[in-house]
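Shown next, in structure tokens, is the structure this report addresses.
Any read-out appearing in this document is the output of simple, stated calculations on the displayed coordinates, not a laboratory observation. Just so you know, these numbers come straight off a predicted model, no measurement behind them. Here the Cβ is made from the backbone with ideal geometry for all residues, glycine too, and neighbour counts use every protein chain on show.
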Amino acid sequence: MLKSKVLMVKTRSGKILKIVREHYLRDDIDNGLNGVDLDDHPMLENDLISSEHYIIPDTNVVLKQMDVLEHSCMRNVIILQTVMRETKHRSAPIYKRLRTITQNKDKKFHVFTNEHSIDTWCERRPKESSNDYNDRFIRVATQFYNECLSERNQKAVLLTNDKANCDLAKKEGLLAVTVEDYVRNIVGFPELLDKLAKADEAMEVDKSISYPEHLKLSQLQTGIKSGRFKQGKLNISRQNYLEGKVLPQGEGSKEILIQGRMHLNRAVNEDIVAVEMLPENQWSLPSDVILDVSVQPGAEISESHAEDLKKKHGIPTGKVVGIIKRSWRSYCGILESFGSPDMTRHLFTPAERRIPRIRIETRQAKLLIGQRIVVAIDSWPRFSKYPQGHFVKALGEIGDKDTENKVLLLEHDVAHEPFSQAVLNCLPSANWSIPDEELRKREDLRGLPICSVDPPGCTDIDDCLHLREWTDGNLEVGVHIADVTHFIRPGTALDIEARSRGTTVYLCDKRIDMVPELLSSNLCSLRDDGDRLAFSCIWVMNHNAEIISTRFCKSVIRSKASMTYAQAQMLIDDATQNDDVTIGLRGLNKLAKILKARRTLNGALSLSSPEVRFHVDSETHDPIDLETKKLRDTNSMVEEFMLLANCSVAEKIQKEFSDCAVLRRHPEPPKSNFDVLVNAARTRGLELSINTSRELALSLDEAEKPAENVHPYISVLLRILATRCMYQAVYFCSGLESDFRHYGLAAPIYTHFTSPIRRYSDIMVHRLLAASIGADSTFSDLLNKQEIQQICNNLNFRHRMAQYAQRASVALHTQMFFRGKMVDEQGFIIVVRKNAVQVLIPKYGLEGTVFLDRDHQGNAVGTSNLEYNEDACEIVANGVLLKVFDEVTVQISHDASNIQHQRINLHLMKPKIEGISAP
Amino acid sequence: MSSSTIVIKAPSKRRNNPIYAHASEVFLVTPGDVITEDADYMRGHGTYTNAGDEDNKLYASVAGVVERINKLVCVKALKTRYNGEVGDVVVGRIKEVQQKRWKVETNSRLDSTLQISSVNLPGGELRRRSAADELTMREYLKEGDLISAEVQQVHNDGMLSLHTRSLRYGKLGQGCCVVVSPSLIKRRKNHIHNLPCGATTILANNGYIWISITSGDACNEGDGGFNVNKEPVPLEEREVVCRLKNCIQCLAKSSVMLYDTSVLYAYESSLQYQVKEIMSEKVSLEIVNQTISLLEREKTGDG
Amino acid sequence: MAGLELISDQGYRIDGRKPTELRQIRCRLGVFTQADGSSYVEQGNTKVLASIYGPHEPSSNMRSKISHDKCIINCEYSQASFSSAERKHRPRGDRKSLDMAAHIKQTFESCIHTTLYPRSQIDIFLQILQSDGSNYCACVNAATLAIVDAGIAMKDYVCACSASLAKGTTLVDINHVEESAGCAELSAAVMPKLNKIVYSELNGRLHEDEIGKVLDSVVLGCNDMFAVMERTVREHVEETVSNFTHS
């Protein structure tokens, strides 16, 4: 049967259109009641409802009580199409979760397409609001299910918190229950009660605070359209959690500063908000103060800051008038131990400093104090200082390494569960060997002197090299990369999981693999214990490292040796070794040096970061010593050829697939980014030229020359500072972008090809390259620009998160290393702020803040005796001058006073400052 | 003056008119249907074979009824343009005056031609056509004139050559023309009828039906000549012509075959109604039903 | 892909159809009495009127194209200004109309027995009253029925259908919403009894592996279309024939 849906739609230009759509009603829609095996999946028992029953939740229940629905005891639930549609419309993340549950067969959630079923269709009454219409749909469907189930003596229960809907349902003779009542009366699962999200009115009112009301969405939209409000994402400052910036949409907009609790008006980090600009005389400056939650919770702008404003012009400032889209997720953290554990209301402090504290209600407080828990935010009413939330799950004890690792991974959205069965099913068996067919199809390079050079303890060997001299004097150089795409076929569960993970994450003590270990450490890894499948890039070069020709092929190789950097270096240096692998290594080393010099001449930047490696005690897995990464010749050698391979592959795939190649670019930073660096260098009499990367590279090299008043380590510091001025390099799809350049490497085109075991982008590049040499077939997603760009966006996100997670892991281990120790060490001032300096300690690769406005016991001392000179990057504290790049001595200690944010404290020892330094 | 009433009807559901109770056992085909696979049959209109095919399948190319006459198979389409045959009477309108002929539009695939040598010019039949005649063609027949003629010849491409070399044919006037589908006109010996009610009809094979008053003399106004009587025609005679026209249109709408008898019966059945009432659906159905029953009776009476 | 889900997890499209189902089809022959052949076709909310004039003497502006052994087909396509959601005045002879007309002309030139009507002209006039996707297909179907009504000789019916690919499933008979979702759309006109493809058109890009699948489902859709059209024609013919009195 055919019905028509007529809607009136307003277009962007303001025209009103009448849209007519067909709407077919069917009589063959499955209601999901058949095939229920009650023995395997017993129905939920509930004191309120006498018979066995199915639950039908309405939209608000799904939106707010997702955690309850995800609990394993909730089964036999019918999700109506109306509810799914509304959920999708209102919240994409909840919709995703809903879909995951419905696709999980064990949960017995059935989606019933009620809007197309002739039995449950209702026509919209004139002047009926869409909410009422949807509610009626839900009631009619419940009625239908009641009738279907009556012969089995089962019932259908409508779960709704909407009072009006409840009343109407009861009038129609339906069983309707609110979620609280239902959950309270469930037999056998009392923990569900904690997972309940609270309704707005439930919580007590904080007399002290009253936030301004949020405007309605329609008012916000008209405001944005008329230009009165600006829309953008809120970024809370890492230094000061009561301050944030909003970058409005639209080209050429400047960031708007939001300061203070009232102006933030209950907006949480990453929410999309609508901001109203304050008048110019109220414009403010971002506070130079580093606001530390533990020391001064809830502090507002200081007076010195207000004085500052009189000197300089403020930047555009505004206040939040409404929230357009919330970006709430689940947060890890701990319960504050206020009050007695018998109380049910507690405050939860998230690990992420930019999120405010959350009030939750739980009966298990005694159990949970001392544990890391996960909490989700439900709402933030006007009269409550903190947002309301509910408990989701507990992770484990605070301080326990596994728990802390879990927190780290959760906060950075790194998937770390073991691979699902579906993924493992895609793997070949453990005793897989190369089939004859592959041997025939590929080039046999097993006779070549191939070897691999990797960090010690590395099991996932991606790449091998070889070099051979030909009789005509030219050199044949080959880079062989593990042929991962042979095992990971597109579209399989394995491929989808790898795509979602994006990259392997290397924590200090753990490695979260992107692909299962069977592949990464065994079948794909180019170990020296047999034949392996590889993807080879072979150049013919002359002795001056100029490429004469390039070719790519799929091959079979046999690595002669898997060495560490140290071993390879020893072989090269040992004149007695003269086998073909060593000769190859020496040749590669020579070429690498030439390549590196050429790159630097072109403007490639070699920046450094204080990388440090932990020695981990093999039993307790606690760090026992730190070791700074030493760069040897062989590191550089491997790196040079990897870069060369990446460049050659980039050129090839761009030529073949100009529309959909996966490439990597590094946008050039604007000159203003370098201001801090140039200023700092100038204080030491060094002029850095930043016009092109070449000039920057050359001037950084100049700085290495010994000079008066210039400590030799300063050149390293300059490089470290330079790294911070850069943008991130990103993956992109060539059809959607015109600027391919990689600023940092000074390469016109670049991609990632050499590490497919640990990066998904390399897998995509492998597929493109294989298609271009005819070694593999294409498939439709390979050539779809939009798909590729979306995947690149996800990869960029995962890459960033992995970096943050890695840094957090290093920080965690550093803290654990310094537990119970107090060490004095040399450091350099790297940044000067108004109330503190940031010091870098090269030995440990550690960077921390030395506060100048408190004494060594943490008590505030006041800033009256501080004179800060921003342009000269110096500060005078109690008469002592501290300049950027000054060498200082600091005392490093571990501070466990804040359980969640255990930290490393640095106290200034030399130069000694009265009242601040430690005695 | 009599007042006129205007009746506006809302659109009503179309009714299928299953007037004919008995089912015809006819073989209906639609384009692409296989009629027969026998190679013996000769192909007629409305059929075709695929040259490349081995099995000699005969396909229909139009939708209609299959007619089998001995070994000839053809498919008669429900509605076609007029396909002329030698000896048919046609009524057509002058479309163009060309050098030595007129182009006549006759509801067929191509326009028919009327050569100057095929008409009776004043001055006798056997007069030689002179140059002067050519120049004065327009005086005899100009664009827009209605003529009745007979098909003299059918060319290869289907174009018809007409002639009016008889006193029965010529320019038509003082009457009205009704257009129906050519398939509704029954093939008879005679197509020009003088009906007892006082009107003359020409039921031309190409679907153009001409109704006029019977003039005094034995022959039609056509006269072989080109003069048309331009006297005003009295009201009663005009009514007769009108009534006939309406009846013919009713019959055409219900797809009843048109020939002198059926037209006459329809006329007689309509006498009880006013002329303008005949056009209403109810009345026209009445008339048609009566006509058919009269025809049936006649047939059963005959055979 | 887009925010709009073209096919739900349960396998239903936006309007409730399954992927292989056609929309509701209504057609009628012999709508106008003054044209030689006419028809009206509704495919869901796409409504088309077709009228055929011919074969007749070529009109003056077509004199140049007279062919001594075939008839010329003249096709005109127009969309009423009220046919889409936004009222838009479409002048005669604009690019899209001419394109569509040329495609339809091309389709029918291979199906009508043009050699039977030398030196004549057949006019096909198509008017879209309401446009909701698959315009070309509805036009071809309407024109076929009108040609059958006019008694012009054809080799076979010409049935047209469209299909698109969403999330790996082929959707048959695309409506406007599915068209604007941006997936590739394949339309094809097929002679069902002879099993030949007369015309096919692809908007958008399809991967080599997928095109076979989509083409197959289009052909199946055309066969379904044919069943409906054949039934209509037969009913019409039976009704008309039963009205003829034969002596």
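Show log10 I(q)/I(0) for segment B:28-77 at q = 0.23 Å⁻¹, two decimals, from a solvent-free Debye sum over equal Cα scatterers.
-0.74
Could you state the orientation-averaged shadow area of the convex hull built on the Cα atoms of segment A:348-441, in nm² to one decimal?
11.0
Give me the lysines in straight-line cross-link reach of residue A:225: C-alpha distance below 26 Å, same-chain residues under 8 apart excluded.
A:10, A:15, A:18, A:88, A:216, A:233, A:245, A:254, A:319, A:325
Return the lysines within reach of residue B:76: Cα separation strictly under 20 angstrom, same-chain partners fewer than 8 residues apart disregarded; answer none if there are no such residues.
List returned: B:57, B:186, B:253, C:155.
Going toward the positive end of the dipole of the protein assembly as shown, with +1 on Lys and Arg Cβ and -1 on Asp and Glu Cβ, which of A:322, A:506, A:240 do you reach last?
Selected residue: A:322.
If a/c stays under 1.5 just call it rounded; otherwise compare a/b with b/c (prolate if a/b is bigger, oblate if not). Do that for segment C:46-86, with a ≥ b ≥ c from the square roots of the Cα gyration tensor eigenvalues.
Numbers: a/c = 3.82, a/b = 2.73, b/c = 1.40.
The shape class here is prolate.
Please compute the contact order of segment C:36-125 in relative form: average sequence separation of alpha-carbon pairs under 8 Å and at least six residues apart, divided by the residue count, as a percent.
Numbers: 128 pairs, mean separation 39.3, N = 90.
About 44 percent, as a whole number.
Can you grab the distance from the C-alpha centre of segment A:144-158 to the C-alpha centre of segment B:238-288, Å, no decimals?
Here the answer is 66 Å between Cα centres.
Can you give the alpha-carbon Rg of segment A:2-197 over 2.2 N^0.38 Å, where N counts its residues?
1.07
Please state the relative contact order of chain A as a whole percent: Cα pairs under 8 Å, 6+ residues apart?
Working: 1704 pairs, mean separation 69.1, N = 919.
Taking the mean separation of contacting Cα pairs over the length of chain A, I get 8 percent.
Sort the following peptides by mean Cβ neighbour count (other Cβ atoms within 10 Å, averaged over residues), highest first: B:3-11, A:52-60, B:194-202.
Ranking, from highest mean packing down: A:52-60, B:194-202, B:3-11.
Taking the Cα atoms of segment C:131-247 alone, what are Rg (to one decimal) and Dmax (as a whole number) in Å?
Rg, Dmax (Cα atoms, Å): 16.5, 62.
What does the structure give for B:104-110 when I average, per residue, the other chain Cβ atoms found within 10 Å of the residue Cβ?
4
What whole number of Å gives the distance from the Cα centroid of segment A:454-531 to the Cα centroid of segment C:107-172?
So the separation of the two Cα centres works out to 57 Å.
Counting only helical runs of four or more DSSP H residues, what would the 222 nm mean residue ellipticity of chain A come to if each run contributes -39,500 (n - 2.57) and the total is spread over all its residues?
Using -39500 (n - 2.57) per qualifying helix, the result is -9000 deg cm²/dmol.
Please report A:816, A:84, B:42 as a ranked list, fewest other C-beta atoms within 10 angstrom at the top and most at the bottom. List each step's numbers first, then the result.
Values: A:816 18, A:84 25, B:42 12.
Taking fewest neighbouring Cβ atoms as first place, the list is B:42, A:816, A:84.
State log₁₀ I(q)/I(0) for the protein assembly as shown at q = 0.04, 0.05, 0.07, 0.09 Å⁻¹ as given by the Debye formula over alpha-carbon point scatterers of equal weight, solvent excluded.
The Debye formula, applied to the Cα set alone, gives -0.44, -0.63, -0.97, -1.33.
With a bin width of 5 angstrom, please list the P(r) values of segment A:417-493 as percents of all Cα-Cα pairs, from the 0 bin to the one holding the largest distance.
Reading upward from the zero bin: 3, 10, 15, 18, 20, 14, 11, 5, 3, 2, 1.
Please name whichever of A:844, A:829, A:897 sits farthest to the positive end of the charge dipole of segment A:821-910, dipole taken about the Cα centre and charges placed at Cβ: Lys and Arg +1, Asp and Glu -1.
A:897
At a Cα cut-off below 26 Å, give the lysines reachable from residue A:910, other chains included and same-chain residues fewer than 8 away excluded.
Correct list for residue A:910: A:821, A:834, A:843, A:883.
P(r) for chain C, please, calculated from all Cα pair distances in 10 Å bins and given in %.
Spelled out bin by bin, chain C gives 7, 30, 35, 20, 6, 1, 0 percent.
If one computes P(r) from the Cα atoms of segment A:457-529, what percent of pairs lie at distances over 17 Å?
Of all Cα-Cα distances in segment A:457-529, 55 percent exceed 17 Å.
Report the charge-dipole magnitude of chain A in Debye, nearest 20, computed about the Cα centre from +1 at each Lys and Arg Cβ and -1 at each Asp and Glu Cβ.
Charge dipole of chain A: 2700 debye, to the nearest 20.
If segment A:821-910 were replaced by its equivalent ellipsoid, with semi-axes equal to the square roots of 5 times the Cα gyration tensor eigenvalues, what would those be, largest first, whole Å?
21, 16, 11
Enter the mean number of other protein chain beta carbons within 10 Å of the beta carbon of each residue in C:7-17, as an integer.
Whole-number average of other-chain Cβ neighbours for C:7-17 is 6.
Choose one of C:103, C:169, C:35: the residue whose Cα lies farthest towards the positive end of the charge dipole of chain C (beta-carbon charges +1 Lys, Arg; -1 Asp, Glu; about the Cα centre).
C:35
With charges only on Cβ, +1 for K and R and -1 for D and E, what is the dipole size of segment B:28-77 about its Cα centre, in debye, rounded to 20?
Computed about the Cα centre, the dipole is about 300 debye.
Within 9 Å, Cβ to Cβ, of residue C:150, how many net charges do the neighbouring residues add up to if Lys/Arg are +1 and Asp/Glu are -1?
Net of charged neighbours comes to 0.
Nearest 20 debye, what's the magnitude of the dipole of chain C about its Cα centre given +1 on Lys and Arg Cβ and -1 on Asp and Glu Cβ? Numbers along the way, then the final one.
Numbers: 26 positive and 31 negative charges, 113 e Å.
Dipole size: approximately 540 debye.
Just to check, using Stokes-Einstein with a Kirkwood Rh over alpha carbon pairs, what's the diffusion coefficient of chain B at 10 °C and 1.306 mPa s in µm²/s?
This corresponds to a translational diffusion coefficient of 73 µm²/s.
Quick one: compute the contact order of chain C, relative version, from alpha carbon pairs under 8 angstrom and 6+ residues apart, as a percent.
20 percent.
Other chains near C:108-121: what is the mean number of their Cβ atoms within 10 Å of each residue's Cβ?
Neighbouring Cβ atoms belonging to other protein chains average 3 per residue here.
How would you order C:219-230, A:179-190, C:194-205 from highest to lowest mean count of nearby Cβ atoms within 10 Å?
Details: C:219-230: 20.7, A:179-190: 15.7, C:194-205: 14.2.
Sorting C:219-230, A:179-190, C:194-205 by mean packing, highest first, produces C:219-230, A:179-190, C:194-205.
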